[in-house]
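Enquirer: Structure in structure tokens, see below.
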Amino acid sequence: MAIHAGDEIVYSGKLYTARDQAHKRLAEAITKGKKLPLDLKGKIIYYCGPTKTPKGAVIGSCGPTTSSRMDVFTPLLLKAGLKGMIGKGSRSQEVRLAIKKYKAVYYLTFAGCGALLARYVKKKRLVAYPELGPEAIYELEVSDFPLIVAIDAKGRSIYKGK
Amino acid sequence: MREIEAESVRSIIAELAQEANFALRKDVLAALGAALKRETNVQARKILSAIIENADIANNDRLALCQDTGLPVVFVEIGQDVHISGGSLVRAINQGIQRGYTRGYLRNSIIKQPLFRGRPEFSPAIIHTEIISGEKLKLTVLPKGFGCENKSQVKMFNPTAGIEEIRKFIIGVVKNAGPDACPPFVVGVGIGGTQDYACLLAKKALLRKIVSRPSSITPCISRIEESLLKDINRLNIGPMGLGGKATCLGVTIETYPTHIAGLPVAVNISCHALRSARKVF
């Protein structure tokens, strides 16, 4: 089933958190031909740096951060097999074209709603870069996580003119 | 002379840091409710409802409203007849932030060295101190998220610039913030002073209740606020930038005398999670 820009869907499965510093490191590793701490093939990255996890909770507040800051690294990650990204806000023209080229999808989720989104996260596991604190890569298992398709695999965007 | 223990400051700041991050300001919540009532765009309504539900969950679960618990900005108004005993005021504030952020399971988003980054920590805060008359100590914590802080701007206008030029600049800053900075926004504007002071005024403007301004004091400024709010809400940016009437919840302008040669204007954008908590003692 093809998904179109503008579709509202829910996702159940695995996501990997990564934001600014993790992107910088992943991109450096790809450029230098080093082994990645996470095989990006078929994966979905969530631009998210959660708060500390309260006692007894799975995760803290965990909404999306601004996607455009990741734009410079994204085409490289897509080339390495990344299939999806979740964040907030618009993307560069270059990213949109790379999404089309590699048949990936860029999704939005409710921005500034980290407490609400925490309810959809069932498991959390550290994958890489613990020294980055909230910017470490975590594997999240989510159930019915709400998404809006912002750029589909054909490069169509929900944002006008982009 | 009134003595206030540094430990009182520490514990108040710790409480305010958590309060601000868990409980959305009542004026902001009311403005979101009003925006939902006005909104006709189906998707925008859904997003506004999620934002209101998020505030409810955060408050009930004592969970941060947003994972970006901000760079804490602390406004200190200290009476000239107050003496802080038992330690440094600045240290007490930073320790209070550290305590509040740790106990509240908030986020360690602060890195010591801006160029070389490093391990994120909870503090230090940005501290703005103002000496006032009397024996009161007034503390305000504003955790400022950086998605919106990144979109803030300042411009030094010619003193002959007209109000239309200034309005155009302010609206331009909002357009540029677009879908990235978590609309619906609150737009704080600082006009006058020096370049740095205009920025501080813009930040302070975010502390004012967004619903009403005593229009009898500065009717011409409140008219500009109202007309800016109207124009910004015609931009059709909408919640999350996906269109709708709710682009802005409020515009607040603070002014200060300035130099004959200049007219600084600063715009500080806040996301819809405009958080601040205040205590007077």
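Enquirer: What do you reckon, is B:Asn59 open to solvent by 10 Å² or more (accessible area, probe 1.4 Å), in a helix (DSSP H, G or I) and in contact with a Phe, Trp or Tyr (Cβ under 9 Å, 6 or more places away or on another chain)?
Expert: yes
Enquirer: Determine which member of the set A:Glu94, A:Glu135 is farther than 21 Å from B:Gly243 by Cβ, within 13 Å of the chain's Cα centre (by Cα) and among the acidic types (Asp, Glu).
Expert: Criteria check complete, one pass: A:Glu135.
Enquirer: Pick from segment B:167-202 the residues that are within 14 Å of chain A (Cβ to nearest Cβ) and open to solvent by 20 Å² or more (accessible area, probe 1.4 Å): which of them is farthest from B:Leu249 (Cα to Cα)?
Expert: Result: B:Asn176.
Enquirer: Let me ask something additional. Just checking, how many residues over segment B:231-250 are open to solvent by 10 Å² or more (accessible area, probe 1.4 Å) and more than 14 Å from chain A (Cβ to nearest Cβ)?
Expert: Residues in segment B:231-250 being open to solvent by 10 Å² or more (accessible area, probe 1.4 Å) and more than 14 Å from chain A (Cβ to nearest Cβ): 4 in total.
Enquirer: Ok, one more. For segment B:92-102, check the following and say yes or no: at least one residue is of a type in the set (A, V, I, L, M), in contact (Cβ under 8 Å) with a residue 12 or more places away in the chain, part of a strand (DSSP E or B) and open to solvent by less than 70 Å² (accessible area, probe 1.4 Å).
Expert: No, that holds for no residue.
Enquirer: Next question. Quick one: would you say B:Ala205 is touching a residue at least 60 places away in the same chain (Cβ under 8 Å), touching a Ser or Thr at 6+ places or on another chain (Cβ under 8 Å), more than 17 Å from B:Met156 (Cβ to Cβ) and open to solvent by less than 50 Å² (accessible area, probe 1.4 Å)?
Expert: Details: touching a residue at least 60 places away in the same chain (Cβ under 8 Å): yes; touching a Ser or Thr at 6+ places or on another chain (Cβ under 8 Å): yes; more than 17 Å from B:Met156 (Cβ to Cβ): yes; open to solvent by less than 50 Å² (accessible area, probe 1.4 Å): yes.
Here the answer is yes, as B:Ala205 does meet what is asked.
Enquirer: I'd like to verify a number: residues in segment A:97-141 that are of a type in the set (Ser, Thr, Tyr) and open to solvent by less than 40 Å² (accessible area, probe 1.4 Å), how many? Quick ask: steps written out before the conclusion?
Expert: Restricting attention to segment A:97-141, the residues satisfying the condition of being of a type in the set (Ser, Thr, Tyr) are A:102, A:106-107, A:109, A:120, A:129, A:138.
Applying the additional criterion that residues be open to solvent by less than 40 Å² (accessible area, probe 1.4 Å) yields A:106-107, A:109, A:129.
So the answer is 4.
Enquirer: Say whether the condition of being within 14 Å of chain A (Cβ to nearest Cβ) and either small (Gly, Ala, Ser) or in a helix (DSSP H, G or I) (or both) is met by at least one residue in segment B:126-145.
Expert: Checked segment B:126-145: at least one residue is within 14 Å of chain A (Cβ to nearest Cβ) and either small (Gly, Ala, Ser) or in a helix (DSSP H, G or I) (or both).
Enquirer: Another question, if that's okay. Which residues, taken from segment A:52-93, are touching an Asp or Glu at 6+ places or on another chain (Cβ under 7 Å), without any contact (Cβ under 8 Å) to a residue 24 or more places away in the chain and open to solvent by 60 Å² or more (accessible area, probe 1.4 Å)?
Expert: none
Enquirer: Mind checking whether some residue in segment A:24-44 is within 14 Å of chain B (Cβ to nearest Cβ), modelled with pLDDT of 95 or more and open to solvent by less than 20 Å² (accessible area, probe 1.4 Å)?
Expert: No: zero hits.
The values are calculated or read from the model by the stated rules, or taken from the named source; none is laboratory data. Everything quoted here is computed from the prediction, not taken from an experiment. Every residue, glycine among them, receives a Cβ derived from its backbone with ideal geometry; neighbour counts consider all protein chains shown. Just the protein is used for accessible areas: all its heavy atoms, side chains included, with ligands, DNA and RNA removed. Shrake-Rupley method; radii C 1.70, N 1.55, O 1.52, S 1.80 Å.
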